[in-house]
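A.B. asks: Got a structure here, written out as structure tokens. Questions coming.
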Amino acid sequence: EAQVTQNPRYLITVTGKKLTVTCSQNMNHEYMSWYRQDPGLGLRQIYYSMNVEVTDKGDVPEGYKVSRKEKRNFPLILESPSPNQTSLYFCASSSLSSPLHFGNGTRLTVT
Amino acid sequence: GENVEQHPSTLSVQEGDSAVIKCTYSDSASNYFPWYKQELGKRPQLIIDIRSNVGEKKDQRIAVTLNKTAKHFSLHITETQPEDSAVYFCAAGKPGGYNKLIFGAGTRLAVHP
């Protein structure tokens, strides 16, 4: 089954404790991205990647890092999480012939 | 950069009525306009999309119209049903996501039986 898999689905952590949210897709898509969803603000892009070793900032990249060492994986790293990063995060992938397909989301709470 | 505005933020209709959600975009280079539906607690899922060489596209009870001159596009849902209740997002960008896909803030649609 074609899918984008994120883990974990839920995460509660404390300020400053580094964390990684994993994302993997099995559709051989070139393009992957991370969005955060906050009430009233829609889906805002954090980072995106057009292919292996090619990443670029989206609209709200501050406080986040990403890497694309393999085509299927695109982890999101929060080096020092803060409460304003409490949000619902979605990973997504697409290609020239396939529209954007989202993962099931990761709800992060930073206390 | 691209900016997408979406209205209304909430919409309440009776079952069987029509619902219309409107979006405007700022970047005239945008040529791909998808709509996503997000049910409570679930991921956004593509329901319909349109490219700039087409003015209207229909899929059963849903349709999207595009006015490139005015830089706005709309989602039309006819004969609404309770299962249409969800948050709907419009977006603007380039096909395949090779450029940034910018989303509107969303419209929460409630269909009352």
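A.B. asks: Can you compute 3J(HN,Hα) from phi for each residue in region A:92-99, using the Karplus curve 6.51 cos²θ - 1.76 cosθ + 1.60 with θ = phi - 60°, rounded to whole Hz and x for Gly and Pro?
C.D. replies: Karplus values, whole Hz, x for Gly and Pro: 8, 9, 7, 9, 4, 10, 9, x.
A.B. asks: Let me ask something else. In region B:6-109, which GluC sites (Glu not before Pro) fall in coil by DSSP and have 14 or fewer other Cβ atoms within 10 Å?
C.D. replies: B:GLU15, B:GLU39, B:GLU79
A.B. asks: What residue among A:GLN37, A:PRO75, B:VAL87 has its Cα farthest toward the positive end of the dipole of the protein assembly as shown, where the charges are +1 on Lys, Arg and -1 on Asp, Glu, each on the Cβ?
C.D. replies: Value computed over the given set: A:PRO75.
A.B. asks: Can I ask one more? Going through region A:1-64, which trypsin sites (Lys or Arg not before Pro) have at most 12 other Cβ atoms within 10 Å and a DSSP loop state?
C.D. replies: A:ARG9, A:LYS17, A:LYS18
A.B. asks: Choose one answer from A:PRO75, A:PRO83, A:PRO61: the residue with the largest mean-square fluctuation in a GNM of chain A with alpha-carbon springs under 10 Å.
C.D. replies: A:PRO83
A.B. asks: For A:LEU108, what is the net charge nearby, where nearby means another residue's Cβ is under 11 Å from its Cβ and Lys, Arg count +1, Asp, Glu -1?
C.D. replies: Residues near A:LEU108 contribute +3 overall.
A.B. asks: Also, I was wondering about something else. Sequence-distant or interchain residues sharing an amide H contact under 5 Å with A:GLN3, placed H: which?
C.D. replies: Residues meeting the amide H criterion: A:ASN26, A:MET27.
A.B. asks: Okay, moving on. Roughly what would the spin-label model give for B:ARG108 and A:LEU96, points 7 Å off Cα along C-beta, in nm?
C.D. replies: 4.1
A.B. asks: Let's see if you can work this out: charge +1 on each Lys and Arg Cβ, -1 on each Asp and Glu Cβ, no other charges. What is the dipole magnitude of chain A about its Cα centre, in debye to the nearest 20?
C.D. replies: Here chain A has a charge dipole of around 260 debye.
A.B. asks: What's the extension gain from A:GLU53 to A:ARG9 if we count 0.36 nm per residue and subtract their Cα-Cα distance?
C.D. replies: Additional length available on full extension: 13.3 nm.
A.B. asks: In cubic angstrom, how much convex hull volume per residue do the alpha carbon atoms of the protein assembly as shown span?
C.D. replies: Taking only Cα atoms, the protein assembly as shown has a hull volume of 120 Å³ per residue.
A.B. asks: About the Cα centre, and with charges only on the beta carbon of Lys, Arg (+1) and Asp, Glu (-1), how big is the dipole of region B:1-51? Nearest 20 debye, please.
C.D. replies: Using only the charged Cβ atoms, the result is roughly 160 debye.
A.B. asks: Next question. Compute, for chain B, the length of the dipole vector about the Cα centre, with Cβ point charges of +1 (Lys, Arg) and -1 (Asp, Glu) only. Units Debye, rounded to 20.
C.D. replies: The dipole of chain B has a size of about 400 debye.
A.B. asks: Among A:LEU11, A:LEU43, which comes first, then next, by fewest other beta-carbon atoms within 10 Å?
C.D. replies: Fewest-to-most ranking of A:LEU11, A:LEU43: A:LEU11, A:LEU43.
A.B. asks: Looking only at B:GLY41, B:GLY93, B:GLY55, which one moves most when chain B is put into a Gaussian network model with springs between Cα atoms under 10 Å?
C.D. replies: B:GLY41
A.B. asks: While we're on this one: Going by how many other Cβ atoms sit within 10 Å of their own, how do A:TRP34, B:TRP35 line up, fewest first?
C.D. replies: Arranged by neighbour count, lowest to highest, A:TRP34, B:TRP35 become B:TRP35, A:TRP34.
A.B. asks: Here's something else I'd like to know. Per the Debye formula with a single identical scatterer at each Cα and no solvent contribution, what log10 I(q)/I(0) holds for chain A at q = 0.17, 0.18, 0.20 Å⁻¹?
C.D. replies: Summing over Cα pairs of chain A leads to -0.73, -0.82, -1.01.
A.B. asks: For A:LEU41, B:LEU101, what ranking results if the residue with the fewest other Cβ atoms within 10 Å of its Cβ goes first?
C.D. replies: Fewest-to-most ranking of A:LEU41, B:LEU101: A:LEU41, B:LEU101.
A.B. asks: Residues in region B:14-44 near a label at B:LYS58, defined as backbone nitrogen under 19 Å from the 7 Å Cα→Cβ point?
C.D. replies: Hits in region B:14-44 for B:LYS58 at 19 Å: B:16-21, B:35.
Rule-based calculations on the coordinates, nothing more; no lab input. Everything quoted here is computed from the prediction, not taken from an experiment. No Cβ is skipped: glycine too gets one built from the backbone with ideal geometry, and neighbour counts run over all protein chains shown.
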